[in-house]
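One structure below.
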C-alpha cells in the first residue's frame, strides 16, 4: 500500500508517494452519468510538482475553463500544445512547418482519438502507412518528434499516465533519392546561360559558396568583405504565414535567424566571384540613383530594382528560365550539392565542408555526400600505394 503524507494543503486533493518513487495526486472533478465520483490523477517527481498541477486544475474549474481530460482528443491537445507551448519558442518558419505536419499528416489519421485512449499501435500504424505511401523518412521523423514532444507535455500536465510514442519504432528509411550534382560540363553550360542576366552574380555566388536560397536572398552588404573575399551568413529570407487577422495579407516575407549556431558561418569566396560582386554593387548604386525616392534601401546584396527583398518564388522563376536555356534538369539546391561535391573531389576535409555548409553534425554531411566518398577513399589508398612501392623497390634492390 502507498504511504499517504501526514498532512496536505488546502484544496490539494490527495497526494501520496508511490512505491516507484513517483508522487501521485487526485481530485474529484464531478460525477458520471451513474452518479459515481470522477477523479483526475496527477503525477510528478516531487510533491510540489503534483501540488502545482492540482492547484492549476482547481483554478481552471473555479474559473470555468477546465476541460475533462477524459474528453480531450489528440487534435485538441496538439493545437493547444502548438499555440500555447511552442509558438513563442519556435522560429516562424518552423512553427509553420509544425502546423502543416499536424494538420496534413497527424490529425486526419489519428486526431479524433481521445488522449486517454491513444495507444502505441495507433502511432505505429500512422508511421507505417506514411512510409508505405512514399512520404520521406525525414517527414515521418518530424511527425514522431512532434507527437513525442506534445505527449511529453501532456504527461507533465497530468493528462496521460505515459508517453505512448516511446513504445514505437520508426520505419527504416527507404533508399534515399539520389542527389543531383552537375558535372563539370553541365556547370560550364549553366554559367554560360547566365550571360546577360541581371542577377548573374547571385547564381554565381550560390554555386561558389553553397548557400541556401533563403540565405542568399537575405545577404546584406555588411556581411560581405570584398577585401578579404568572404561572406558571412547570419539570416535567411522566407515567406511565412502571419496568423494575424488584422493584417491585410495572410503571408509576409520575413528575415529569421538560422536554426542552429552552426548556421551562422563565414565562407571564403573565389577572387573571380569577388570581382563579380564589385561590378554588381556599381550597377546597384546606379539603380538606386535612377529610382530616386522610390528606392527602399535595405542594404541587401540582391534586391529588386527598387531595393526591396526579392520574392523567393520570383527568383526561382528566373532560375528555371536559365536552366531551360542551358538544357539542364536540376533544382536550385543542386547548386549547393555541386559546391560541396567539388570541394570533396578536391580532397577538402569533410569537417571543413560541414562547417562551410552550416551542417550541425558531420554525419549529415557524410550521409548526403556519401557518393563522393568512394573516390576519396580510392585517392587515399593511392597515396599509401606510393609509400609501399618505395619500400618494395628498396627491398628489391637489396636482394
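Some notes on this structure:
- So residue 336, is it within 14 Å of residue 210 (Cα to Cα) and modelled with pLDDT under 95: no
- Scanning segment 203-229 for residues that are closer than 16 Å to residue 334 by Cα and either outside any loop (DSSP other than H, G, I, E, B) or free of Cβ contacts under 8 Å to residues at least 12 places away in the same chain (or both) turns up 203, 204, 205, 206, 207, 208, 209, 213, 214, 215, 216.
- Checking each residue in segment 24-75 for being part of a helix (DSSP H, G or I) and more than 17 Å from residue 155 (Cα to Cα) picks out 58, 59, 60, 61, 62, 63.
- Of all residues in segment 128-142, those satisfying the criterion of being within 15 Å of residue 104 (Cβ to Cβ) and touching a helix residue (DSSP H, G or I) at 6+ places or on another chain (Cβ under 8 Å) are 129, 130, 135, 139, 140, 142.
- Among residues of segment 155-168 that are more than 28 Å from residue 29 (Cα to Cα), those with a Cβ under 9 angstrom from a residue that is modelled with pLDDT of 85 or more and not in a helix (DSSP H, G or I), sequence gap 6+ or separate chain, pair up as 167/119.
- Unique residue being at pLDDT 95 or above, over 18 Å from the mean Cα position of the chain (by Cα) and at positive phi when the list is 210, 229: 229
- Screening 200, 189 for residues that are farther than 25 Å from residue 364 by Cβ, surrounded by 14 or more Cβ atoms within 10 Å (Cβ to Cβ), out of contact with any helix residue (DSSP H, G or I) (no Cβ under 8 Å at 6 or more places or on another chain) and touching a residue at least 24 places away in the same chain (Cβ under 8 Å) leaves exactly one candidate, 189.
- For segment 311-318, the count of residues that are at pLDDT 95 or above and part of a loop (DSSP other than H, G, I, E, B) is at least one.
- Once segment 112-134 is narrowed to residues that are under 25 Å from the mean Cα position of the chain (by Cα) and surrounded by 15 or more Cβ atoms within 10 Å (Cβ to Cβ), the residue that is nearest to residue 86 (Cα to Cα) is 123.
- Per the listing 280, 246, the residue uniquely modelled with pLDDT of 95 or more and either buried (at least 18 other Cβ atoms within 10 Å of the Cβ) or within 30 Å of residue 87 (Cβ to Cβ) (or both) is 280.
- Condition check for residue 356: out of contact with any strand residue (DSSP E or B) (no Cβ under 7 Å at 6 or more places or on another chain) and buried (at least 18 other Cβ atoms within 10 Å of the Cβ): no
- Residue in segment 343-362 that is modelled with pLDDT under 85, assigned to a loop (DSSP other than H, G, I, E, B) and outside the structural domain of residue 266 (by TED's automatic domain parsing) present: yes
- For segment 230-262, residues that are in contact with a strand residue (DSSP E or B) (Cβ under 7 Å, 6 or more places away or on another chain) and assigned to a helix (DSSP H, G or I) total 0.
- Residue-level analysis places residue 62 outside the set of residues that are surrounded by fewer than 15 Cβ atoms within 10 Å (Cβ to Cβ) and touching a strand residue (DSSP E or B) at 6+ places or on another chain (Cβ under 8 Å).
- Residue 205 satisfies every condition listed in (1) buried (at least 18 other Cβ atoms within 10 Å of the Cβ); (2) farther than 18 Å from residue 309 by Cα; (3) at pLDDT 95 or above except (2).
- Subset of segment 266-276 (residues that are surrounded by fewer than 18 Cβ atoms within 10 Å (Cβ to Cβ) and either touching a strand residue (DSSP E or B) at 6+ places or on another chain (Cβ under 6 Å) or part of a strand (DSSP E or B) (or both)): 266, 268
- In segment 76-132, the residues that are outside any helix (DSSP H, G or I) and touching a strand residue (DSSP E or B) at 6+ places or on another chain (Cβ under 8 Å): 91, 111, 112, 113, 114
- Taking segment 70-100 as the range and being surrounded by fewer than 18 Cβ atoms within 10 Å (Cβ to Cβ) and over 30 Å from residue 27 (Cα atoms) as the test, the residues that pass are 87, 88, 89, 90, 91, 92, 93, 94, 96, 97, 100.
- Of the candidates 327, 299, the single residue that is in contact with a helix residue (DSSP H, G or I) (Cβ under 8 Å, 6 or more places away or on another chain), exposed (fewer than 14 other Cβ atoms within 10 Å of the Cβ) and not assigned by TED's automatic domain parsing to the domain that holds residue 205 is 327.
The values are calculated or read from the model by the stated rules, or taken from the named source; none is laboratory data. Everything numeric here is computed off the predicted structure, so don't read it as measured data. Cβ coordinates were reconstructed from backbone atoms using ideal geometry, including for glycine residues, and neighbour counts include every protein chain displayed.
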